[in-house]
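> Dropping a structure here in structure tokens format, bear with me for questions.
The values are calculated or read from the model by the stated rules, or taken from the named source; none is laboratory data. Please read all numbers here as calculations on a predicted model, not as lab measurements. Cβ atoms come from the backbone with ideal geometry, glycine included; neighbour counts cover every protein chain shown.
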Amino acid sequence: MPTADGTTDDQQEHRLHALLPFLQTQSQTSLTRLYQRPSSCLSIFRLLGAVERQLVMNLLWLDLPIQTSTMSSWVTREGKALFDDALASLARLHFLSNNSAIKLGLSTTFKTSMRHAITGGGTSVSFGVPAEPDENRSAPSIDALDAYALERWETVLHYMVSSGTGQTPIKPSQGVLFLLQRSGLMAMNQGQLQITSSGFQFLLHTPHSQLWELLLQYLQMVEERQMDLVEVLSFLFMLSTMELGREYSIESLSDTQRAMLEDLRDYGLMWQRRASSRRFSPTRLATTLTSSLPPLPTATSTGGAKDQGFIVLETNYRLYAYTDNPLQTAVLNLFVTVKWRFPNLVVGAITRESVRKALLNGITADQIISYLTTYAHPQMRKNRPLLPVTVQDQIRLWELERNRIKTQEGFLYTAFASQADYEYVLNYARQLDVVLWENAAKRCFFGSVEGHTNIRGFIERRTGGSGG
Amino acid sequence: MRAVRGVLITCDSAVKQILLTLDERPGQSFIIEDLDEFHVLVRADEEQRVRRELEAELEKNTYSMEA
Amino acid sequence: MDGSSHLSLIIDLSPSQWHLSAQSSNPHPLSFQTFLSHVLTFVNSHIASKHENTLAVFGALPGKSSMLYSSLDADSGNGNDPPADANSYRPFKVVNSVVTNNTQKELDLIGGLTEEPPVALVGALTKALCFINRLAHPPSGSLVDEAAASADPRILILSVSPDLAASYIPVMNSIFSAQKLKVTIDVCKVFGEETVFLQQAAHLTGGSYIYLERRDAFLQYLIMSFLPPPSLRHIIAVPRQDKVDFRAACFCHKNIVDIGFVCSVCLSIFCSPVAVCSTCRTKFPMKTLQRLNASRPAIPPANGVSNGSPRPPSARPSTGMSASLR
């Protein structure tokens, strides 16, 4: 029978979007203000997990809250845990109304806005005011916008990857540099910005999570820049629901939002003819914010296929990358020994040395493997599994090799007067859950640093009490 | 009763033998106590040096095709 | 599991059935206008769920079927491009206006007919399957992205017309194609009596068949039962029919039969014992025919020619050139 069940990837299901934990820490007042805009509701809704989304939809058109017991019949027995998680997550986002112990319903603000989003209506102007067509100049083409966004974005990444290599690539703007430093992706080292270990990891992420990582950092800084977080968030969400290739007017934007224009131009999220222009065009980076599609589908590689995949990896560890993109080449250089370079092709091998270099930079084996998977050439996609198992295993083994020993600081307690003494102290230490190693024959045990003060106090009280 | 401050190293037995050999080098003793087959207690201030030397020792045992 | 999903929606656009449905003598009259607005809200919810979700809408009209909307070529402004507005999400607006306009156009075209031929449900179903097949096998070098290709496809049929016995064989063939393509077929019977063929379609492809009882709660039915993509249905409980009418239609007169006679060679179904199978020309022994004929009104006897039918294991095993159902 074909399949309504079966092929699922539970791992993906549990992966929370990076923005949600941030939203969950915000106050109910701010969130309620945010939810007044249908575009924000729609965008956040899209970031939710599949079960959450279905629950919101189930509740959306109900006028009255319903009994939680009724709701539990909406899920199968196996789905109960996921269902409970989903409810908890929705409650933390303040999607649910407050009296949620017995009866459940969506909060009024969210419900109204979400209904408006789905049916179109209301007067919130939250999806952006389209600019009047300009008689003299036509709007930028989608290709031009893509090229612009790509150029901005790659400037940032390229700057990161080539820091410390002696090359001097184009510097991104001050705002971007500051953001990179604040997020810990780069750090000042002898008067120069140098990429950090988390920066190396960042380079191997998908463009999508890179973008969100930077935006989250941007959101963290909002308050110290005296900007209104709700305005900032709702502007980002508005951008994500806009249409690529259309020009929008800045008329309806608040002051905070106008102040963001410059930053967003720097990140490549939007394009403006001049800084003083009264109109702007969102780029693909912005319009795909709430999707998992690659934000920049047209990589500049002219040699390879138009899509993302350009890497062929063979079982003999040799790697062929069909790219002429200096950024991709530089990123590959992080964990590949490059042998030859041709106009449209880089040939190299994954070697112990190259992987060790990456590991020393703080990159993990999983990150290398996931990068290779993400950018695998369409030809590779026919393979099951996608990457040669030998290579995957070896990369993991090389990582394990660096972890031959584990070290833990603490105290060795030894030379106990009697077996009873030993057991008495050991039991106490066990209760504290600080015992890392023990040996009854030698009558000694090793406890972690954290437990030492307590154990010492315990022994002193005991010896003091028994008068010895 | 005595409490000795140190770093507990958990490792496989091959690595432990290397550690014992390193410890025997004149003037470089770092092991406080040899606990059992998989555990050794070493001086806390020596941890980084031990890691480095172990790394160098293990490196002697790897061979690369590329060479 | 949280990948994108594809929905092909088939709307039954039989004017006469919709006329009947809107009669105020019904317990819950449902006019086509209300129906359409609920459907549009539902498809918007589908698109809202994931940026990459894809949608196609097909109309089954009297005597013909046509594609009303496809998210593949939605943006190629084909005349009915709605003006941009700041209060609505554009993709929703485009879907709404394209579907409404095309539906109206198609209904206007058939407006002049005096006698209404049955709706071409099979045509719409086949078109939907072809569309899904095209999504699943994008021509190399095309711009159709992989997300769409890997989507977990399903078809939802919103039916108001009764079964058309003549379409038994093409419906079954569509079901088998759907099985092969791993497409789930969901059915919502919005108006009219239960349809045997669509029950089987849903059952055989792992979909849901729902007979709409509370027609005033149509949207809620749609969202709770048909919005979760098939991959989510091991978590979200969706209603499924508890009993399925497995009756088949005979190949000779296209009647839905309670007791059918099945050719042991090619599994064709007949309403009465035949000497020669009309499909594969197999000749059956005279004796068997006589015995089968003799025992017809009762439960069919054992050891005839053989048994089998192009259906899932039905209620009881039978060994004659016959199969009893129900």
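Every residue, every condition in (1) outside any helix (DSSP H, G or I); (2) more than 14 Å from every other protein chain (Cβ to nearest Cβ), yes or no:
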{"residue": "A:M188", "(1), (2)": "yes, yes"}
{"residue": "A:Q194", "(1), (2)": "yes, yes"}
{"residue": "A:H208", "(1), (2)": "no, no"}
{"residue": "A:E213", "(1), (2)": "no, yes"}
{"residue": "A:S234", "(1), (2)": "no, no"}
{"residue": "A:S252", "(1), (2)": "yes, no"}
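> Sticking with this one: Inspect the stretch A:413-421 for any residue being under 19 Å from B:R43 (Cα atoms), surrounded by 15 or more Cβ atoms within 10 Å (Cβ to Cβ) and in contact with a Phe, Trp or Tyr (Cβ under 7 Å, 6 or more places away or on another chain) and give the result as yes or no.
yes
> Sticking with this structure for a sec: For the stretch B:23-45, how many residues meet the condition of being within 12 Å of chain A (Cβ to nearest Cβ) and farther than 26 Å from A:R443 by Cβ?
Number satisfying all stated conditions: 1.
> Also: Just checking, how many residues over the stretch C:207-252 are of a type outside the set (A, V, I, L, M) and away from chain A (no Cβ under 14 Å)?
Here the count works out to 11.
> Just checking, does the stretch A:176-185 include any residue being loosely packed, with under 13 Cβ neighbours inside 10 Å and in a loop (DSSP other than H, G, I, E, B)?
Looking through the stretch A:176-185, none of the residues is loosely packed, with under 13 Cβ neighbours inside 10 Å and in a loop (DSSP other than H, G, I, E, B).
> Given the criteria loosely packed, with under 12 Cβ neighbours inside 10 Å, more than 17 Å from A:L31 (Cα to Cα), within 14 Å of chain C (Cβ to nearest Cβ) and of a type in the set (A, V, I, L, M), does A:A131 qualify?
So A:A131 does not fit the description; no.
> Would you say C:A202 is buried (at least 22 other Cβ atoms within 10 Å of the Cβ), aliphatic (A, V, I, L, M), at the interface with another protein chain (Cβ under 9 Å from one of its Cβ atoms) and within 18 Å of the chain's Cα centre (by Cα)?
Spelling it out, it is not the case that C:A202 is buried (at least 22 other Cβ atoms within 10 Å of the Cβ), aliphatic (A, V, I, L, M), at the interface with another protein chain (Cβ under 9 Å from one of its Cβ atoms) and within 18 Å of the chain's Cα centre (by Cα).
> While we're on this one: Looking at A:D85, A:D63, A:D146, which one is of a type in the set (D, E), more than 9 Å from chain C (Cβ to nearest Cβ), surrounded by 14 or more Cβ atoms within 10 Å (Cβ to Cβ) and under 22 Å from C:L227 (Cα atoms)?
Answer to the selection: A:D85.
Table: residues versus (1) modelled with pLDDT of 85 or more; (2) closer than 25 Å to C:H234 by Cβ.
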| position | (1), (2) |
| --- | --- |
| A:T68 | no, yes |
| A:S72 | no, yes |
| A:A86 | yes, yes |
| A:F95 | yes, yes |
| A:N99 | no, no |
| A:F110 | yes, no |
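Residue-by-condition table, conditions (1) modelled with pLDDT of 90 or more; (2) acidic (D, E):
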position: C:D2; (1), (2): no, yes
position: C:L9; (1), (2): yes, no
position: C:L30; (1), (2): no, no
position: C:F35; (1), (2): yes, no
position: C:F42; (1), (2): yes, no
position: C:S71; (1), (2): no, no
position: C:N78; (1), (2): no, no
position: C:P83; (1), (2): no, no
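> When the residues of the stretch C:117-166 are filtered to those that are of a type in the set (S, T, Y) and at pLDDT 85 or above, which remaining residue is farthest from C:S14 (Cα to Cα)?
Ranking the candidates gives C:T126 first.
> Next question. If you scan the stretch A:429-450, which residues turn out to be surrounded by fewer than 18 Cβ atoms within 10 Å (Cβ to Cβ) and more than 37 Å from the chain's Cα centre (by Cα)?
Within the stretch A:429-450, A:R430, A:Q431, A:E438, A:N439, A:A440, A:A441, A:K442 meet the criteria.
> To continue, here is another question. How many residues are exposed (fewer than 15 other Cβ atoms within 10 Å of the Cβ) and in a loop (DSSP other than H, G, I, E, B) if we restrict to the stretch A:218-232?
Residues that pass the stated criteria total 4.
> Could you tell me which numbered condition A:F95 fails, if it satisfies all but one of (1) surrounded by 17 or more Cβ atoms within 10 Å (Cβ to Cβ); (2) more than 14 Å from chain C (Cβ to nearest Cβ); (3) closer than 30 Å to A:R273 by Cβ?
Result: A:F95 passes all but (3).
> Which count do you get for residues in the stretch A:35-60 that are farther than 21 Å from A:W212 by Cβ, facing chain C (nearest Cβ under 7 Å) and out of contact with any strand residue (DSSP E or B) (no Cβ under 6 Å at 6 or more places or on another chain)?
Number of matching residues: 3.
> Also, quick follow-up: Among the residues of the stretch A:212-255, count how many are over 20 Å from A:S27 (Cβ atoms), touching a residue at least 24 places away in the same chain (Cβ under 8 Å) and not hydrophobic (A, V, I, L, M, F, W, C).
Number of matching residues: 12.
> More than 26 Å from the chain's Cα centre (by Cα) and not assigned by TED's automatic domain parsing to the domain that holds A:R278, is that true of A:P38?
No; evaluated as a whole, the condition is false for this residue.
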